[in-house]
Amino acid sequence: MSIHPDPLTVTEVRRTGPLVDRVYAEILAPSFPPAELVTLARLRDGITAGRTTLTVALDGSGTPWGAAVGDWYAPARVVLLSYLASRPGSRGRGVGGQLLDRAIDDWSTAYRPCLVLAEVERPDQHRASLAHGDPVARLRFYQRYRAVALDLPYFQPALRADADRAYGMLLIALHVAEPYRRDDGTIAAEPVRRFWAEHLAGTEGEPVDGPARRMADALAGEGVAVRPLDAYRQIPAA
């Protein structure tokens, strides 16, 4: 197992360049299946346009040991934690926690989002692997941050025209601003609805197939129910 040298410096990368390319090649590409990962060109474009933030943990030599990627959906005022990963061989060494703490603090200051969301694999639909990690361990990690799962038949839209959707996914909330917490224990559906429309339209337009209709129906009300992450099996799979 690779062990990172202490201490690490966590910083936000504001410009594209060799470090972004290195993070993509050495951390993101080995950590996610192709259907769940945007292209390097799209990552670069997002950073350049200011809609994507890249937070990186670096050692003293400038070697990246982990990265968090956030995408800002301005009309919805939602940040999507698109990726959180550490260098292969260094999982469980605390890098992810450092990155997530810093990223959420930075996003709260920069955007004042109503929601911070993330897409994670369902353990009952995805097996653990050395390359892509353990879905059970991932849910336990986010559970320590008091994340909750949205009760939606969620799927990750196709991330590019030549890619497939990623089914067997959960949409989880890492942060919910107080005005969007409803008295009945649900969260306001409107920002989730706006986020989903923009996220889906990015590559798929406005599909009318069964899974898309089920998501639309689930978001039609005023609130979205949430469940503890360890009760995810009660949420219908797309």
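Observations, loosely collected:
- Scanning region 189-238 for residues that are farther than 22 Å from residue 145 by Cβ, more than 20 Å from the chain's Cα centre (by Cα) and exposed (fewer than 13 other Cβ atoms within 10 Å of the Cβ) yields 205, 206, 208, 209, 210, 213, 217, 220, 221, 222.
- Filtered residues of region 19-58 (kept if in contact with a Phe, Trp or Tyr (Cβ under 8 Å, 6 or more places away or on another chain) and among the hydroxyl-bearing types (Ser, Thr, Tyr)): 31, 52, 53
- Residue match in region 163-170 (condition: surrounded by fewer than 18 Cβ atoms within 10 Å (Cβ to Cβ) and under 17 Å from the mean Cα position of the chain (by Cα)): yes
- Matching entry among 79, 95, 69, 116 (being modelled with pLDDT under 95 and of a type in the set (Val, Ile, Thr)): 95
- Residue 12 vs. criteria surrounded by 13 or more Cβ atoms within 10 Å (Cβ to Cβ), outside any strand (DSSP E or B) and of a type in the set (D, E, K, R): no
- Taking the criterion of being free of Cβ contacts under 8 Å to residues at least 40 places away in the same chain and loosely packed, with under 14 Cβ neighbours inside 10 Å, the residues of region 32-51 that qualify are 41, 48, 49, 50, 51.
- Set 76, 25: member being in a helix (DSSP H, G or I) and not hydroxyl-bearing (Ser, Thr, Tyr): 25
The values are calculated or read from the model by the stated rules, or taken from the named source; none is laboratory data. Since we're looking at a predicted model, the values are computed, not measured. Cβ sites come from the backbone with ideal geometry, for glycine too, and all protein chains shown count toward neighbours.
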